[in-house]
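Written out below as structure tokens is the structure these notes cover.
Each reported figure results from applying straightforward, stated rules to the coordinates on display, with no laboratory input. Keep in mind that what you see is a predicted model, and the values were worked out from it rather than measured. We place every Cβ from the backbone using ideal geometry, glycine too, and count neighbours over all the protein chains shown.
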């Protein structure tokens, strides 16, 4: 069965000219969802879909007459102040609204003038977290990241024996997830100085980012009713960029035996736009394991997962220091990689998460884990790029970084691109480190 | 400053006779909150307060005229389908409503007949999780439990070096928390058989309970704004019983390096009634550490915490097997302990949780961690009582248990009792193990 349909046709163009420009993240083949309002206003947040440099206000689109009558309730649900109700409607609903919007936004669409009245320029918008996130789970799907980190902690035994069998994950904090633009005070906490036997309290000295993708659960499952791997993707609404900020010195002292806690839960930043799994269909790839690695257990294996379980999403991290920002120089790229290197697929993560009977709910978020690729310049965190801080990375203006400094902004970007398919972009995910509170 | 006020006076009695019976969990000095409706009905869930064997329906009480006018908006908030809005109102509101209810329920209260029309018998009620739990954090506050568990995994080095410095905690799963009465299928998952190098998939063979207390956050804090230890208790709404079901064989295989995940997130059971911190005031005790242990870092220390940081809550665990249930024999006690043995206080947990800037929200839940006491018969989990399954515990009908079997119900109970103070009970927290799904 082909994953492609008329909405993916590369030749489609829109009557919104900016959607047809080369290099746009948001051509008519993308149509990602966010929750927005006019910046600085006291308007209600509502759902929208990106097209070129515009947003279709779905709460207006539901009423404007440009969509087929059967799709108006879908647009109304997606136009609410969070996407949860739309997410709960399931894959059929998501796909129907995508098709309706694709047809209404194409060049020559009959009711273009009606839909034109539902547009807000992205330049005038601000965004909210697009769903009420009941639970946030962070995975660990890059074998390269797990190995790089393991080498720093356990040189002789970098990769745990469970890694190639278990899609390792743990629960993160929902309350401190914010949308791109988040700024947060450098966390304070307990750390154990090198050689000391007693900890000290103070601002984190080894603050790091982690380049991840976020995966939004659409339809949930009841407790006690696992989702099979063949059904897993029908529960996934879409993906975004995610920065799992990490205080490495706090983490090293606190994480045994129960895992990261205060080292992670002060802030997590996501991009505003959720790119649907359907939009990513042209970029699916076979899922292959390195020769000699064990086959996944049966509940983590399927023909479809082998045929197109992976997704080729290009990713990059940029750092913009305070002085670079003052100079208007833009960010400097720290690394670039692709999601195709992940050791576990989205379907495997969801099947694993529910195999014990755990219930998922619409709006739940998974983090992919740091998406480091096979080579060092593809590493998704400073702790890897700098070998635990020993080899600082240089920045174009002569600065260097072992770990993040106050005023640093980290910008994540993601996109899919190849000949014969439309570019599918994720926009950006930006967050900024503020100085710690005074003692 | 005394923590006691007129609502704690031991001589108070109620015009509801069952509240005056010796041994009741719910005398007029308690007044815990739950969310309930008539069992089997399609009524809306609403907030209520326990008094003897009755529930005061707060949504009705807000309108019946028995409460002072300034307290009616408080009762209306507490009468909603979840307690979050009332929790967010803060300590002043909680205390005002407690005082108003105490006065209205006392013998001789002027408007007793009006309030009598707002009662529902507990025998006729069913309960819901009392708040929308945004985030659930499980702590590890028993040094005895940490040591007992550590001995099984690391005989030479049972207690991690961070234990006496860091109130260890990790994030748990909110979606699978349910109220007393929960029944769940035995989880399935990956485990590594003894001596094997490759895992197998199947039903958990080492299913366990954990005796904990739950701590509900009332007022939250904004991100980046830690709560000081002296202010911490004003953010705590109250406490309940909590069973952190645990699949030990899944846990052993999955938990490194990021902590427990599928071994815990299939089910967590809480008791319906939240006993307020104010109701527990007569049972506060000095918080003392064993001689020779390090003093807590300054952000975890205060005079008030030393003077009355601990709480003397008696706790017990009972097991009722399917055959005991058929025989109507009731449960057999597996162990008993007290919360006064905890190594970290409630105030320390909350101050620690926010010291890095993490924001808490009304309705967030903390688990205390397994509350094992200093001796083996005070252990709060089977893995400790049976030394990892090696020494099964006997049951009165001739059965024995290394770990839980299908049909077993675990019942937690908690209460405070001492001469000169009213008994403050928690009711019970019951959950039942169902057979695993067929392969």
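For Cα pairs less than 8 Å apart in space and 6+ apart in sequence, what is the mean separation divided by the residue count of chain B, i.e. the relative contact order in percent? Write out the running numbers ahead of the final one.
On the way: 1065 pairs, mean separation 89.4, N = 439.
Relative contact order, chain B: 20 percent.
Under a crude label model (7 Å from the Cα following the beta-carbon direction), how far is residue A:306 from residue A:333 in nanometres?
In this crude label model, residue A:306 to residue A:333 measures out at 3.5 nm.
Based on the alpha-carbon gyration tensor of the stretch A:138-224 and its eigenvalue square roots a ≥ b ≥ c, which shape applies: rounded if a/c is under 1.5, prolate if not and a/b is larger than b/c, or oblate?
oblate
Can you tell me which of A:419-429, A:241-251 comes out highest on packing, and rank the rest after it, using the mean Cβ neighbours within 10 Å?
Ranked from most to least packed, the peptides come out as A:241-251, A:419-429.
Mind sorting A:129, A:56 by how few other Cβ atoms lie within 10 Å of their own Cβ, fewest first? Kindly include the intermediate steps, with their values, before the conclusion.
Values: A:129 20, A:56 26.
In increasing order of surrounding Cβ atoms, one gets A:129, A:56.
What order do you get for B:204, A:71 when you list them from fewest to most C-beta neighbours inside 10 Å?
Starting with the residue having the fewest Cβ neighbours, the order is A:71, B:204.
Would any residue of the stretch A:12-32 have its amide N under 12 Å from a label point 7 Å out along Cα→Cβ of residue A:5? List them or say none.
Nothing falls inside the zone, counting backbone N under 12 Å.
Given label points at 7 Å from Cα along Cα→Cβ, what nm distances, shortest first, separate residue A:193 from the same residue in every other copy?
Copy-to-copy label distances at residue A:193, shortest first: 5.3 nm.
So, in nm, how far is label residue B:377 from label residue B:68 when the simple model puts each one 7 Å beyond its Cα toward the Cβ?
4.9 nm
Using only the Cα atoms of the stretch A:13-128, build the gyration tensor, take square roots of its eigenvalues as a ≥ b ≥ c, and label the shape rounded, prolate or oblate: rounded if a/c is under 1.5, else prolate if a/b is larger than b/c, else oblate.
On the way: a/c = 1.44, a/b = 1.05, b/c = 1.36.
The shape class here is rounded.
To the nearest 10 degrees, how steep is helix B:91-105 against the longest Cα principal axis of chain B, on a 0 to 90 scale?
Approximately 60 degrees, to the nearest ten.
Rounded, prolate or oblate: which fits chain A when a ≥ b ≥ c are the square roots of the eigenvalues of the alpha-carbon gyration tensor, with rounded for a/c under 1.5 and prolate only if a/b beats b/c? Mind showing how you got there, number by number?
Values: a/c = 1.78, a/b = 1.38, b/c = 1.29.
Prolate shape, in that a/c is at least 1.5 and a/b is the bigger ratio.
Quick one: with label points 7 Å out along Cα→Cβ, list the inter-copy distances for residue A:90 in nm, shortest first?
For residue A:90, the inter-copy label distances come out at 4.7 nm.
Using a label point 7 Å beyond Cα on the Cα-Cβ vector, give me the inter-copy distances for residue B:336 in nanometres, one decimal, shortest first.
Label-point separations across copies, in nm and ascending: 6.9.
Nearest 500 deg cm²/dmol is fine: what mean residue ellipticity at 222 nm does the protein assembly as shown get from its DSSP H runs of n ≥ 4 alone, each adding -39,500 (n - 2.57), divided by its residue count?
-4500 deg cm²/dmol
So which residue of A has the beta-carbon closest to the axis that swings A onto B, and how many whole Å away?
Rotation axis A onto B, closest Cβ, rounded to whole Å: A:259, 1.
If R₀ is 60 angstrom, what is the calculated FRET efficiency for the pair residue B:111 and residue A:18, using the beta carbon separation as r and rounding to 0.05? Kindly include the intermediate steps, with their values, before the conclusion.
On the way: r = 67 Å, r/R0 = 1.12.
Here the calculated transfer efficiency is 0.35.
Can you pull the one-decimal nm distance between simple spin-label points at residue B:391 and residue A:126, each 7 Å off the Cα toward Cβ?
In this crude spin-label approximation the distance works out to 6.2 nm.
What ranking of B:159, A:318, B:382, B:21 emerges when the number of other C-beta atoms within 10 Å of each C-beta is taken as an exposure proxy, fewest first?
B:21, B:159, A:318, B:382
For the stretch A:148-189 and the stretch B:87-132, what is the separation of their C-alpha centers, rounded to whole Å?
45 Å
Treating the angle as unsigned and between 0 and 90°, give the value, to the nearest 10°, between the Cα long axis of helix A:143-153 and the longest Cα principal axis of chain A.
It is inclined by approximately 20 degrees.
I'd like the distance separating the alpha-carbon centroids of the stretch B:49-71 and the stretch A:1-57, in whole Å.
52 Å
Any idea how far the Cα center of the stretch A:268-292 sits from the one of the stretch B:368-439, in Å?
44 Å
How many Cβ atoms of partner chains, on average, are near each residue of B:160-170 if near means within 10 Å of its Cβ?
Per residue, the average neighbour count from other chains is 6.
Which of A:162, A:265, A:391 moves the most in a Gaussian network model of chain A with Cα springs under 10 Å?
Most flexible of the set in this elastic network: A:162.
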